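A.B. asks: First the structure, then my questions, so here it is.
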Amino acid sequence: MLDLLLADARTPTGGFAHSNGVEPADIEPAELEAFLRGRLSTTGLVDAAVAAAAARGEEPLALEAAWIARTPSAPIRDAARRQGRSLLRVAERLWPGALDSYSAASAGTPRPVVLGLCGSLAGLSARRVAQLCLYDDAATCCAAMPKLGAVDALDVTAVLAASEGLIAGLADRAVAARELPSAAAPLLDLRSVAHHENHRRLFAT
Amino acid sequence: MTRPLRIGVAGPVGTGKSSLVAAVCGVLAADVRIGVVTNDIYTDEDARFLRSTGVLPAERIVAVQTGCCPHTAIRDDVSENLQAVEELDLREGPLDVVLVESGGDNLTATFSPALADVQIFVLDCAGGDDVPRKGGPGVARADLLVINKTDLAPYVGADVGLMLSDSTAVRDGRPVIAASLRDPAGVDGIAAWVRAALAEHRAGSLVARDPGPMAPHHHPEAGHAHDGHTHSHEDGHVHDHAH
């Protein structure tokens, strides 16, 4: 059940404050599916591979460095750090003390690494963690869409459901890769920086 | 070392929360180390306004985004706000007090005790003098209720006396302060209340009391079928509603 808990936006980790690039991209609802495909196949895949590696027990600080090297946008790194910290609060309540040494040693606490560590504590497989990471990314984009554009939330839910195959394939790739992928989405990075400077925004990212 | 006292400032949009925060900071900043976290709905306007007043160093004022959910950010998922308070204290601290200003919401929006140790609810005369009578958790049970913009009352046909008496009637002895930016006494009263809360916090005797999203309600206790009682949940009383 803990996989469901970790995937649930009602678990208090501040996810409601993020659009994961949808607001910065200023897309129309009809473009959401294509947006998801692009995002999940690039930065989504990197995040999922990092989360899966953390769940498999690879050294989290090394993974953190690898993730940072693959995440050139300072606002995205900073948001992931805060989201990771929020997830650590959840972990501290569910598994007291289990992540103390990581929490003290890590400056970056990127959400994908923390999610992987939580997945490991929850007894999830690396594949499940990769899938969860991708699903969370997609669901965050989808949940933001009705707040930003004229669209029925049911239509958005249908888009999310239709991403199942895409997410399954990417989760397979995330765990099969012999080294961490470095797929990038420069436009997402550039827009995230412009978004951070925008004083009229609804979402943190 | 104790962490800073976290004070929530809630109340509907436009009741003057930011201006009050600025005025109170102006009174206290000489000897109390204050930080402010603003929760804006779709801009960082409040943070920029506060910085522009010059009452605090600009670095002591930060904004968090609430993704159109100002209510959620102070109640059911306070993680972004807690994070902002802790980072502010680490970076600029140690701070004595952090004021967390809500993005402005409806009468049911109050702070979770996980975020605010004490909270102020702000109404204003221009919003209608019937609002205290309509009530709600913030009006009835916030630690301090402020009736703001009393200077506007004659211009909008609001009866400040009625607002104060309606408020007092539902607040069971909790304080109410009438304030306006043109009346130093009101702001001084709020500042004195903040000092008293800080003293309690430092003494370790402050217990966060949740105004709660729920109105006081009635249900019979098991075994006391004829002795049901009405209560609110502010006392932290835990019980099973299924009985």
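The values are calculated or read from the model by the stated rules, or taken from the named source; none is laboratory data. Just so we're clear, the structure is a prediction, and the values are computed from it rather than from any experiment. Reconstructed Cβ throughout: ideal geometry from the backbone, glycine too, with neighbour counts over all protein chains shown.
A.B. asks: In region A:183-190, is there at least one residue being surrounded by 13 or more Cβ atoms within 10 Å (Cβ to Cβ), closer than 22 Å to residue A:111 by Cβ and within 14 Å of chain B (Cβ to nearest Cβ)?
C.D. replies: The answer is no, given that none of the residues of region A:183-190 is surrounded by 13 or more Cβ atoms within 10 Å (Cβ to Cβ), closer than 22 Å to residue A:111 by Cβ and within 14 Å of chain B (Cβ to nearest Cβ).
A.B. asks: Would you say residue B:188 is touching a Pro at 6+ places or on another chain (Cβ under 8 Å) and farther than 15 Å from residue B:15 by Cα?
C.D. replies: Details: touching a Pro at 6+ places or on another chain (Cβ under 8 Å): no; farther than 15 Å from residue B:15 by Cα: yes.
No: the conditions fail for residue B:188.
A.B. asks: Which ranges mark the helices (runs of 4 or more DSSP H) fully within region A:17-81 that have 1 or more residues being farther than 27 Å from residue A:197 by Cβ?
C.D. replies: Correct list: A:32-39, A:45-55, A:60-69.
A.B. asks: Out of all the residues in region B:150-165, is one or more under 20 Å from residue B:110 (Cβ atoms) and touching a Ser or Thr at 6+ places or on another chain (Cβ under 8 Å)?
C.D. replies: Checked region B:150-165: no residue is under 20 Å from residue B:110 (Cβ atoms) and touching a Ser or Thr at 6+ places or on another chain (Cβ under 8 Å).
A.B. asks: Tell me, please, whether a residue that is basic (Lys, Arg) and within 13 Å of the chain's Cα centre (by Cα) can be found in region A:33-44.
C.D. replies: There is at least one residue in region A:33-44 that is basic (Lys, Arg) and within 13 Å of the chain's Cα centre (by Cα).
A.B. asks: Please give the number of the condition residue A:9 fails out of (1) within 14 Å of chain B (Cβ to nearest Cβ); (2) touching a Ser or Thr at 6+ places or on another chain (Cβ under 7 Å).
C.D. replies: Going through (1) within 14 Å of chain B (Cβ to nearest Cβ); (2) touching a Ser or Thr at 6+ places or on another chain (Cβ under 7 Å) one by one, residue A:9 breaks only (2).
Listed here are the residues, each with its yes/no results for (1) part of a helix (DSSP H, G or I); (2) modelled with pLDDT of 95 or more; (3) not aliphatic (A, V, I, L, M).
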{"position": "B:2", "(1), (2), (3)": "no, no, yes"}
{"position": "B:12", "(1), (2), (3)": "no, no, yes"}
{"position": "B:32", "(1), (2), (3)": "no, yes, no"}
{"position": "B:36", "(1), (2), (3)": "no, yes, no"}
{"position": "B:48", "(1), (2), (3)": "yes, no, yes"}
{"position": "B:55", "(1), (2), (3)": "no, no, no"}
{"position": "B:63", "(1), (2), (3)": "no, no, no"}
{"position": "B:68", "(1), (2), (3)": "no, no, yes"}
{"position": "B:76", "(1), (2), (3)": "no, no, yes"}
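A.B. asks: Within region A:1-22, work out how many residues are at pLDDT 95 or above and either over 19 Å from residue A:81 (Cα atoms) or of a type in the set (Phe, Trp, Tyr) (or both).
C.D. replies: Number of matching residues: 7.
A.B. asks: Related question: In region A:98-113, is there at least one residue being away from every other protein chain (no Cβ under 14 Å), surrounded by fewer than 24 Cβ atoms within 10 Å (Cβ to Cβ), under 24 Å from residue A:185 (Cβ atoms) and modelled with pLDDT of 95 or more?
C.D. replies: The answer is no; no qualifying residue exists.
A.B. asks: Taking region A:120-179 on its own, how many of its residues are within 19 Å of residue A:67 (Cβ to Cβ) and within 14 Å of chain B (Cβ to nearest Cβ)?
C.D. replies: 1
A.B. asks: Please note which helices (runs of 4 or more DSSP H) are completely contained in region B:107-204 and include at least 2 residues that are under 19 Å from residue B:26 (Cα atoms) and of a type in the set (A, V, I, L, M).
C.D. replies: In region B:107-204, the matching helices (runs of 4 or more DSSP H) lie at B:184-203.
A.B. asks: Next question. What number of residues within region B:27-42 are in contact with a Gly (Cβ under 9 Å, 6 or more places away or on another chain) and among the small types (Gly, Ala, Ser)?
C.D. replies: 1
A.B. asks: Considering only residues of region B:14-30 that are touching a residue at least 60 places away in the same chain (Cβ under 8 Å) and in a loop (DSSP other than H, G, I, E, B), which is nearest to the other protein chains (Cβ to nearest Cβ)?
C.D. replies: B:14
A.B. asks: Then there is this: Among (1) modelled with pLDDT under 95; (2) within 28 Å of residue A:11 (Cα to Cα), which single condition is residue B:99 missing?
C.D. replies: Tallying (1) modelled with pLDDT under 95; (2) within 28 Å of residue A:11 (Cα to Cα), residue B:99 fails exactly one: (1).
A.B. asks: Restricting attention to region A:96-134, report how many residues are farther than 14 Å from residue A:56 by Cβ and charged (D, E, K, R).
C.D. replies: Total satisfying the criteria: 2.
Per-residue answers, yes or no, for (1) of a type in the set (Ser, Thr, Tyr); (2) surrounded by fewer than 13 Cβ atoms within 10 Å (Cβ to Cβ):
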| position | (1), (2) |
| --- | --- |
| B:145 | no, no |
| B:151 | no, no |
| B:156 | no, no |
| B:163 | no, no |
| B:170 | no, no |
| B:173 | no, yes |
| B:177 | no, no |
| B:180 | yes, no |
| B:184 | no, no |
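A.B. asks: Let me ask something else about it. Residue A:66 passes all but one of (1) at pLDDT 95 or above; (2) of a type outside the set (Ser, Thr, Tyr); (3) buried (at least 18 other Cβ atoms within 10 Å of the Cβ); (4) within 17 Å of residue A:138 (Cα to Cα); which number fails?
C.D. replies: (4)
A.B. asks: Pairs needed: first member in region B:37-53, within 9 Å of chain A (Cβ to nearest Cβ); second member anywhere, in a helix (DSSP H, G or I); C-beta distance under 8 Å; at least 6 residues apart or different chains.
C.D. replies: B:41/B:70
A.B. asks: Could you tell me whether residue B:33 is basic (Lys, Arg) and within 14 Å of chain A (Cβ to nearest Cβ)?
C.D. replies: no
A.B. asks: Separate question: For region B:80-101, which positions are under 18 Å from the mean Cα position of the chain (by Cα) and within 14 Å of chain A (Cβ to nearest Cβ)?
C.D. replies: Across region B:80-101, the qualifying residues are B:80, B:81, B:82, B:84, B:85.
A.B. asks: Same structure again: Select from region A:153-200 the residues that are assigned to a helix (DSSP H, G or I) and hydroxyl-bearing (Ser, Thr, Tyr) and list them in ascending order.
C.D. replies: A:157, A:192
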